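All remarks here apply to the structure that follows.
The values are calculated or read from the model by the stated rules, or taken from the named source; none is laboratory data. Please read these numbers as outputs of a predicted model, since none were measured by experiment. No Cβ is skipped: glycine too gets one built from the backbone with ideal geometry, and neighbour counts run over all protein chains shown.
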Amino acid sequence: MNKSAIQRRLIPSYIFLIIVCFISVFPIYWMITAATNTTYDVSQGRIWFGTHALENYKVLLERADATLNYTGGKGLWKIMGNSFLYAGVQTVLCIFICSLAGFGFELYHDSKKDRLFGVLLLAMMIPGVATLIPLFRMISSLKLLNTVYAFILPAISTPFMIMMFRQNSRNFPPDIMEAARLDGLSEIAIFFRMYMPVMKSTYAAAAVITFMNAWNAYMWPRAVMADNRAATMQMMIANLAGGYTVDYGVLMMGVLFCSIPTMVIFFVLQKQFAEGITGSVK
């Protein structure tokens with residue numbers, strides 16, 4: 001079969017992929033165009049760029065200032081800072097603790113640890129809503145409401161992340177550990193100096209997943225962040241969507257601001273993310 005015949009056979013596949021890509025990208029395109037249009041234009045289904053981007057941005061700043069009783073457009077950046085602080089701290093702590101647990105479960109495993117890991121996996125079957133009230137009572141009794149600790153403590157270790165690190169740790173070469181022990185390295189030094197550099201793709205994938213989950217969290221922050229000054233971007237967008245009338249142009253401008261950080265992080269780390277998800281070790 002010649003090259004032209006092969007290319008003709010691939011045409012239906014290319015058409016299918018183009019359609020799927022269009023369906024996947026269109027919501028992002030619509031979000032961007034809606035942020036530049038008025039509520040009336042969005043309601044009428046306009047999908048072209050408008051001329052009200054600056055007006056929508058100014059109204060968004062005013063709404064954020066009104067939420068926090070700020071002036072001069074500082075409210076939006078305060079809320080963005082809250083989200084970055086909560087998501088950043090949670091990401092660092094979660095991937096460190098879960099990688100340490102996965103390292104121990106796989107590279108020092110025995111029958112007792114395997115049974116404990118099985119119990120840990122059962123926790124993945126429990127819906128998050130079922131633990132909302134007990135966690136809230138615990139956080140409230142510790143007087144941690146409206147603090148960064150209230151946001152991050154329930155998620156600094158998750159069964160999924162531990163399982164992900166444990167599964168990928170199976171690709172960690174055991175000969176490296178033996179050589180490191182012969183050189184006199186302690187187990188902690190092996191973790192920091194040998195395990196972490198080798199598993200960097202897994203760390204990148206875990207960081208992307210954890211940051212996205214923390215950034216997009218809404219239910220738990222809404223429960224423990226009663227003070228508006230501790231609000232996150234998701235909470236502000238929910239406030240924009242609530243009420244008797246919704247300004248869709250301003251709402252989409254807020255959604256656009258909320259989406260940019262996660263899109264940037266994903267595009268920067270997409271190669272490492274793919275390698276980490278597939279269990280690749282560098």
Hits in the range 24-43 (condition: of a type outside the set (Gly, Ala, Ser) and part of a loop (DSSP other than H, G, I, E, B)) | Thr36, Asn37, Thr38
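Residues checked against (1) outside any helix (DSSP H, G or I); (2) surrounded by fewer than 17 Cβ atoms within 10 Å (Cβ to Cβ); (3) not assigned by TED's automatic domain parsing to the domain that holds Ala231:
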residue	(1), (2), (3)
Phe22	no, yes, yes
Gly45	yes, yes, no
Lys58	no, yes, no
Ala66	no, yes, no
One residue from Ala226, Ala217 being of a type in the set (A, V, I, L, M, F, W, C), under 19 Å from the mean Cα position of the chain (by Cα) and within 23 Å of Gly88 (Cα to Cα) | Ala217
Does Asn171 fit the bill of being farther than 19 Å from Leu100 by Cβ and of a type in the set (S, T, N, Q)?
-> no
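Identify the residue in the range 69-112 that is of a type in the set (S, T, N, Q) and surrounded by 14 or more Cβ atoms within 10 Å (Cβ to Cβ) and, among all such residues, is nearest to Met163 (Cα to Cα).
Ser99
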Confirm whether Gly254 is in contact with a His (Cβ under 8 Å, 6 or more places away or on another chain) and at pLDDT 85 or above.
-> no
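For the range 157-190, enumerate the residues that are farther than 18 Å from Ala205 by Cβ and assigned to a loop (DSSP other than H, G, I, E, B). Even if it seems obvious, please write down each step before you answer.
In the first step, residues of the range 157-190 are kept if they are farther than 18 Å from Ala205 by Cβ; the result is 173-190.
Passing the criteria: Pro173, Asp183, Gly184, Leu185, Ser186.
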Under 9 Å between Cβ atoms, at least 6 apart or on separate chains: pull out the pairs that start in the range 47-63 with a residue that is without any contact (Cβ under 8 Å) to a residue 60 or more places away in the chain and more than 8 Å from Thr36 (Cα to Cα) and end on any residue that is part of a loop (DSSP other than H, G, I, E, B) and of a type in the set (Gly, Ala, Ser).
-> Lys58/Gly73; Leu61/Gly72; Leu61/Gly73; Glu62/Gly73
For the range 263-276, indicate whether the set of residues that are free of Cβ contacts under 8 Å to residues at least 24 places away in the same chain and at positive phi is non-empty.
-> no
So is Ile126 of a type outside the set (D, E, K, R) and either more than 19 Å from the chain's Cα centre (by Cα) or surrounded by fewer than 16 Cβ atoms within 10 Å (Cβ to Cβ) (or both) or not?
-> yes
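Table: residues versus (1) modelled with pLDDT under 85; (2) more than 27 Å from the chain's Cα centre (by Cα).
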{"site": "Ile6", "(1), (2)": "yes, yes"}
{"site": "Ile15", "(1), (2)": "no, yes"}
{"site": "Tyr29", "(1), (2)": "no, no"}
{"site": "Ala35", "(1), (2)": "no, no"}
{"site": "Thr51", "(1), (2)": "no, yes"}
{"site": "Leu54", "(1), (2)": "no, yes"}
{"site": "Tyr57", "(1), (2)": "no, no"}
{"site": "Leu61", "(1), (2)": "no, no"}
{"site": "Leu68", "(1), (2)": "yes, no"}
